[in-house]
1. State whether the residues of the stretch 501-508 include one that is out of contact with any helix residue (DSSP H, G or I) (no Cβ under 8 Å at 6 or more places or on another chain), open to solvent by 10 Å² or more (accessible area, probe 1.4 Å), in contact (Cβ under 8 Å) with a residue 60 or more places away in the chain and not in a helix (DSSP H, G or I).
2. Restricting to the stretch 661-675, count the residues that are over 11 Å from Arg638 (Cβ atoms) and hydrophobic (A, V, I, L, M, F, W, C).
3. Please give the number of the condition Ile596 fails out of (1) surrounded by 17 or more Cβ atoms within 10 Å (Cβ to Cβ); (2) outside any helix (DSSP H, G or I).
4. Just to be sure before I move on: is Cys440 open to solvent by less than 20 Å² (accessible area, probe 1.4 Å) and more than 28 Å from Val194 (Cβ to Cβ) in the structure I sent?
5. When Ile315 is evaluated against the numbered criteria (1) out of contact with any Ser or Thr (no Cβ under 6 Å at 6 or more places or on another chain); (2) of a type in the set (Val, Ile, Thr); (3) in contact (Cβ under 8 Å) with a residue 12 or more places away in the chain, which criterion, by number, is the only one it fails?
6. Across the stretch 335-380, what is the total count of residues that are open to solvent by less than 50 Å² (accessible area, probe 1.4 Å), within 26 Å of the chain's Cα centre (by Cα) and of a type outside the set (Ser, Thr, Tyr)?
7. For the stretch 658-696, which residues satisfy the criterion of being open to solvent by 70 Å² or more (accessible area, probe 1.4 Å), in a helix (DSSP H, G or I) and free of Cβ contacts under 8 Å to residues at least 12 places away in the same chain?
8. Could you run through the stretch 554-573 and say how many residues are in contact with a Phe, Trp or Tyr (Cβ under 8 Å, 6 or more places away or on another chain) and among the charged types (D, E, K, R)?
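The values are calculated or read from the model by the stated rules, or taken from the named source; none is laboratory data. Note that the coordinates shown come from a computational prediction; the quantities given were computed from them, not determined experimentally. With ideal geometry, Cβ positions are generated from the backbone for all residues, glycine too; neighbour counts draw on all protein chains shown. When the accessible area is computed, the model is the full protein with side chains, heavy atoms only, and any ligands, DNA or RNA have been set aside. Shrake-Rupley method; radii C 1.70, N 1.55, O 1.52, S 1.80 Å.
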Amino acid sequence: QDEGKWDFVLVSDIHEVGSQKEIKRKKFLDELSKKGFTIKKIEDKKLFYGVRAPKQIFRKYQWLLRNPDSRWQNPDAHQDVPVTTRIRIVNFILQNTVTPDLEKLHDLMKKKVFEASFPLHEKEEVREFLKEKWARWRSIFHHQPIEKIRCYFGEKVALYFAWLGWYTRLLGIAAVAGSVVFISGITIFNSSQVSKEICEANTTIMCPLCDQNCPFWYLSDTCTYAKVTHMIDNEATVVFAMFMAIWATVFLELWKRNRATVVTNWDLYGWDEEQEELALQLINNLQHEPRQYQHSYLRSTIVLILVLVMIVVMIGIAHALVIYRVVATALFSQSQCEFLREHANTVAVVTGAVLHYITIVIMTKVNRRVALFLCDLEKPRTFSQREKNFTMKIFTFQFFTHFSSLIYIAFFLGRINGHPGNYVRIAGKWRLEECHPSGCITDLFIQMAIIMLLKQTISNVMEYLIPCIAHKLRKKQQRPKKKRVVLGEEEEEAEDPCKRQWLNNYRLNEVNIFSLFDEFLEMVIQYSFTTIFVAAFPLAPLLAFFNNVFEIHLDAIKMMRLYRRMVPRKANDIGIWLQVLEAVGILAVIGNGLVIAITSDFIPLQVYKYTYSPCVTKNSSGVDCSTGYINHSLSVFRIQDFEPQTRAEALPNFNSTQSKEYRDYRNADDYSYTVQFWHIFAARLAFLILFEHVALCVKLIAAWYIPDVPQSVKNQLLDKKHTNLRKEL
């Protein structure tokens with residue numbers, strides 16, 4: 001290895017001689033010297049220590065983890081260890097070197113003895129290639145150089161980009177399908193019989209939507225809203241929901257195949273993570289004893305209880321948002337501004353969605369703290385085990401943070417609010433919100449659209465701008481030094497070539513273990529959005545597709561230009577994320593089944609068509625079967641039965657003893673549920689069971705039909721085993 005290359009740089013403040021920190025720092029560096037590390041010190045405003053590991057460490061590594069095939073080649077022929085492996089081993093040794101005070105680098109950084117430690121971005125061919133061909137906006141539709149990414153950032157990052165590229169490619173198909181469904185919705189827009197009936201219902205007077213100052217209103221006032229609803233809520237969405245359930249399975253199956261091919265090319269198919277970790281521990285310290293596997297039911301119970309408490313808190317937040325919307329609707333409908341009065345409900349929904357986004361941003365920070373705390377409680381055995389535990393917890397928390405409000409809107413809104421004359425009230429005062437008369441699915445659509453757009457635009461802009469500005473500022477702070485040295489120009493010329501490179505690397509934004517984890521989490525949450533409630537928001541895959549095309553290049557530019565080099569990690573799959581994605585796939589079937597069965601008007605309309613419509617009763621052939629559906633779904637209410645706190649504004653030519661209508665299936669005399677209600681309820685359940693079973697069967701068939709591992713890979717492994725055994729004989 002040539003002498004100019006340094007594996008790692010440690011940065012520390014200049015401490016006073018003899019101070020506690022300085023002694024601790026010296027002890028740590030002495031430990032490294034004992035292990036044969038070369039250390040070089042450069043002084044600037046901070047102290048920089050370059051660290052280079054001795055060759056025998058890498059020899060040991062190669063010997064312990066050699067391929068069985070290489071035994072028959074010349075054992076003295078040492079190939080150089082790839083840079084990524086080099087950095088990984090050095091990082092492991094740095095993190096696990098213990099000073100006489102029993103402190104590791106992690107503890108020293110907490111005590112501010114060292115400020116940073118990072119591998120360097122080298123001026124290698126690979127880096128120049130990636131900078132030019134990959135981390136550029138203009139290469140946005142080019143194929144990603146996964147092989148090169150692996151050579152520079154290690155397998156884990158390469159697999160992330162391979163997965164993201166694959167996901168984006170297949171999202172393209174889903175996006176096209178979603179757009180077709182949406183466009184077909186727009187074209188059927190005006191021809192829907194149901195919205196036509198709503199628009200013509202200018203004699204149907206409806207009950208007021210709130211307690212004070214809300215007028216009775218005509219059903220025909222909601223004409224446009226009804227049209228928009230039928231744009232989303234039609235037969236095509238049912239098919240699309242089925243399609244997305246199958247798409248999710250096919251995507252994962254194809255990814256498994258893709259991954260198997262990639263990993264076999266890297267010769268990592270049967271790689272054993274545990275063996276790797278044990279080898280590194282022994283290279284670092286021959287006396288090392290591995291930690292035994294342990295499982296404590298008490299710990300697991302405590303963790304489970306705390307996770308449930310956390311989930312309850314998130315559901316509580318969703319309730320708080322509901323209460324906000326209820327109170328806001330009541331206040332807006334009494335405000336002076338006419339616009340607010342007329343659109344009180346919509347304004348409340350939109351501001352509620354924005355508030356939801358803000359709670360997501362805040363809770364994300366809280367969730368991370370809690371998940372880390374729970375991981376420390378569990379005392380996982382190894383780093384990879386810790387990462388798995390952390391992933392499961394934070395995904396669960398994030399899932400509830402993002403989806404609890406949507407679940408309420410989809411399945412509870414308007415189903416638990418009672419009926420005129422007997423409303424369910426919060427604190428006995430405010431009426432619970434109702435769905436719009438033309439169905440709840442539009443509320444869900446608005447909420448999804450706002451959260452997805454805000455999340456994708458704001459998060460991406462922040463993700464790029466914050467590191468960018470931070471990097472510029474750090475550069476500015478450390479510039480002015482050169483102008484002062486006018487006299488000592490000769491010294492400045494003879495400056496160490498390492499110094500500038502180390503300084504430049506130090507000025508970049510720092511990376512931590514979670515840098516890649518965050519990217520994965522963001523993508524998996526987005527994947528949940530594109531599959532779980534896709535029946536209500538067919539444009540989700542399209543938004544996700546455009547977002548990802550940018551995301552790939554944003555991440556590339558961040559990693560190459562704005563952040564210090566990540567410590568490469570070896571991996572042969574995307575880890576626990578695969579199980580998380582499979583779980584989301586199953587949730588997607590359940591979620592979409594529920595949206596079609598409960599949220600949308602699809603089932604009531606079908607029940608009406610086949611049991612109560614003119615087609616069935618009168619045998620009239622020329623009539624649209626959904627004629628009369630709207631009238632059928634309204635119930636009658638006598639005004640004198642209103643509660644005392646409901647004071648409605650009367651309409652002109654209005655008789656106070658008349659009966660008015662509302663959206664529900666109830667009897668006119670005692671307001672109990674009618675037979676139709678139970679009929680529809682049974683149909684909803686039947687559809688849900690049918691949809692889920694069919695979709696899950698199709699998923700299973702798809703999973704069986706597409707083999708996880710391509711035949712070529714299997715044959716390659718077979719030949720390898722065969723050759724090795726033959727050589728042994």
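1. No, the stretch 501-508 contains no residue that is out of contact with any helix residue (DSSP H, G or I) (no Cβ under 8 Å at 6 or more places or on another chain), open to solvent by 10 Å² or more (accessible area, probe 1.4 Å), in contact (Cβ under 8 Å) with a residue 60 or more places away in the chain and not in a helix (DSSP H, G or I).
2. Of the residues in the stretch 661-675, 1 are over 11 Å from Arg638 (Cβ atoms) and hydrophobic (A, V, I, L, M, F, W, C).
3. (2)
4. Values: open to solvent by less than 20 Å² (accessible area, probe 1.4 Å): yes; more than 28 Å from Val194 (Cβ to Cβ): no.
For Cys440, the condition - open to solvent by less than 20 Å² (accessible area, probe 1.4 Å) and more than 28 Å from Val194 (Cβ to Cβ) - is not met.
5. The single condition Ile315 does not satisfy is (1).
6. Looking only at that region, the number is 13.
7. Scanning the stretch 658-696 gives Val675, Trp678, Phe681, Ile689, Leu690, His693.
8. Residues that pass the stated criteria total 5.
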